[in-house]
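Below are the structure tokens for one structure; questions will follow.
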Amino acid sequence: MSRAGKHPVKLKNGVSAAIAEGVLTIKGPKGELKLSLDTKHAGLVDVVVEAEQIVVTPKDTEDKVSRAMWGTMTRNVRAAVDGVTDGFSKEMYMKGVGYKASVKGGDLVLVAGYSHDVVMKIPEGLTVQMGETPTEFVIKGIDKCLVGQFADKVHKVRKADPYKGKGIFYKGEVIRRKEGKKK
């Protein structure tokens, strides 16, 4: 049984939810998110908006996939409610000689040790704020999945090198350093 699915998702102050045509719409102070309820796996659960809470229940409690989607859908709804109230962010930094990042228009420009600058289009709904130094930046948005996906794309531009200790890191990420060749 799902432990995450057992608890209904409470709507915070200023957040409203409605279901129309197979889409759950959640509105809050930071924006609006929509979750489709007509997909293959989302169709295995029932989503009901009650007074000040959203309840997710499995259609078939004996089906293993239905029970798994019960917890997954509850977490997706909870992430949407948290996103429209507080938002999500990923803090990142770069380490290396000459490494730096900047925001130009709607693009994130990374200088990461290549012969050219890496220009990445910032997806709609996300913002990138520069930190105190040109090597620090924060990716912010209301959609948890979108923030994580874009942060992962940025992270893959120059993965952390365990030998030299340079690359693009998440704040708090620890890379285990390796010893180089010996004579």
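Quick check: convex hull of the Cα atoms in segment 79-183, volume per residue, rounded to a whole Å³?
111
For the chain, compute Rh as the Kirkwood radius over C-alpha pairs and then the Stokes-Einstein diffusion coefficient at 4 °C and 1.567 mPa s; write the answer in µm²/s, rounded to an integer.
In µm²/s, the coefficient is 69.
Please return the longest range in the chain lying between exposed loop sites, taking GluC sites (Glu not before Pro), DSSP loop only, at most 14 other beta-carbon atoms within 10 Å, and leaving the sites out.
The reported range is 63-123.
Which pairs break 26 Å Cα to Cα here: 40/144; 121/159; 100/182; 30/153; 144/178?
Cα-Cα > 26 Å for 100/182; 144/178; rest within.
For Cα pairs less than 8 Å apart in space and 6+ apart in sequence, what is the mean separation divided by the residue count of the chain, i.e. the relative contact order in percent?
Relative contact order, the chain: 18 percent.
Let me ask you something else. Using a 1.4 Å probe, how large is the accessible area of residue 35, given in Å² and rounded to the nearest 10?
Estimated to the nearest 10 Å², residue 35 gives 40 Å².
Still on this structure: How many percent of the accessible area of segment 17-77 is carbon or sulfur, using a 1.4 Å probe?
For segment 17-77, the apolar C and S fraction of the accessible surface comes to 50 percent.
Whole number in Å², please: accessible area per residue of segment 32-183, 1.4 Å probe, ligands, DNA and RNA not counted.
Value for segment 32-183: 61 Å² per residue.
A further question follows. Loop only per DSSP, at most 16 neighbouring Cβ atoms within 10 Å: give me the chymotrypsin sites (Phe, Trp or Tyr not before Pro) in segment 23-128, ordered by residue number.
Here the sparse-neighbourhood loop sites are 114.
Of 60, 82, which has the most accessible area with a 1.4 Å probe, and how do the rest follow in descending order?
Result, largest first: 60, 82.
The values are calculated or read from the model by the stated rules, or taken from the named source; none is laboratory data. What you see is a predicted model; the values in this text were computed from it and never measured. Backbone-built Cβ (ideal geometry, glycine too); neighbour counts: all protein chains shown. SASA here: full protein model, heavy atoms, side chains in, ligands and nucleic acids out. Shrake-Rupley method; radii C 1.70, N 1.55, O 1.52, S 1.80 Å.
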